[in-house]
1. Pop the C-beta distance of A58 and N90 into the FRET formula with R0 = 30 Å and round what comes out to the nearest 0.05.
2. Report, in degrees rounded to the nearest 10, the 0 to 90 angle that the Cα long axis of helix 123-134 makes with the longest principal axis of the chain.
3. Please arrange D74, D41, D49, D80 by counting, for each residue, the other beta carbons lying within 10 Å of its beta carbon, fewest first.
4. I want to make sure I understand the PRE zone here: with the label point 7 angstrom from the Cα of T42 toward its beta carbon, which residues in the range 67-82 have backbone N atoms less than 16 Å away?
5. Using 7 Å Cα-to-Cβ label points, what is the D81/A68 separation (nm, one decimal)?
6. Full-extension gain between E25 and K106, please, as 0.36 nm times their residue separation minus the C-alpha to C-alpha distance.
7. Taking Cα pairs under 8 Å and at least six residues apart, what relative contact order does the chain come out at, in percent?
8. Counting DSSP beta bridges in the chain, what percent are antiparallel, to the nearest 5?
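Readers should treat all values here as calculations from the given coordinates under stated rules, not as data from a laboratory. Quantities reported herein were computed from a predicted structural model and do not represent experimental measurements. Note that each Cβ is placed from the backbone with ideal geometry, even for glycine, and that neighbours are counted across all protein chains shown.
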Amino acid sequence: MQVKDVMSKHALTVTPQKTLGEVAEIMRRMETGFLPVGEGDTLTGTVTDRDIVVNGLAAGKGGDSAVAEVMTGDVLYCFDDQEVAEVARNMGDNQVRRMPVVDRDKRLVGIVSLGDLSSNGDPSAAGVALEDISA
């Protein structure tokens with residue numbers, strides 16, 4: 001089974017200039033804790049609710065600070081035509097629970113989470129990934 005068969009296809013990207021307050025509100029409305037960060041067609045990072053709290057608020061930054069100040073700049077991603085088991089192993093090795101999904105032109109086409117892998121894909125692969133993440 002391929003990632004495109006299990007991923008969430010509605011991926012919203014925020015810009016690095018968005019404020020922490022704006023991004024937190026978007027996360028609240030979308031009921032997510034993870035958003036890709038990008039400019040134009042290029043992914044430049046990711047931001048999580050944890051980034052906002054730990055790298056932002058706990059470090060003395062306010063809601064008007066830019067996402068660029070707290071985001072993770074190393075973009076880990078997978079391709080939509082990769083096998084679920086391979087991506088699950090990669091997520092476990094890199095200790096991430098969510099990952100942007102791109103096509104072979106490297107355009108964002110979705111997000112895959114451990115939940116997607118578990119409920120729609122390969123539960124045993126998702127379990128191995130979660131075990132690696134928790135270690």
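1. 0.55
2. Tilt of helix 123-134: around 40 degrees.
3. D74, D41, D49, D80
4. Inside the label zone: 68, 73-76.
5. Distance between the two pseudo-spin positions: 3.5 nm.
6. Difference between extended and current length: 26.4 nm.
7. Taking the mean separation of contacting Cα pairs over the length of the chain, I get 29 percent.
8. Of all bridge pairs located within the chain, approximately 85 percent are antiparallel.
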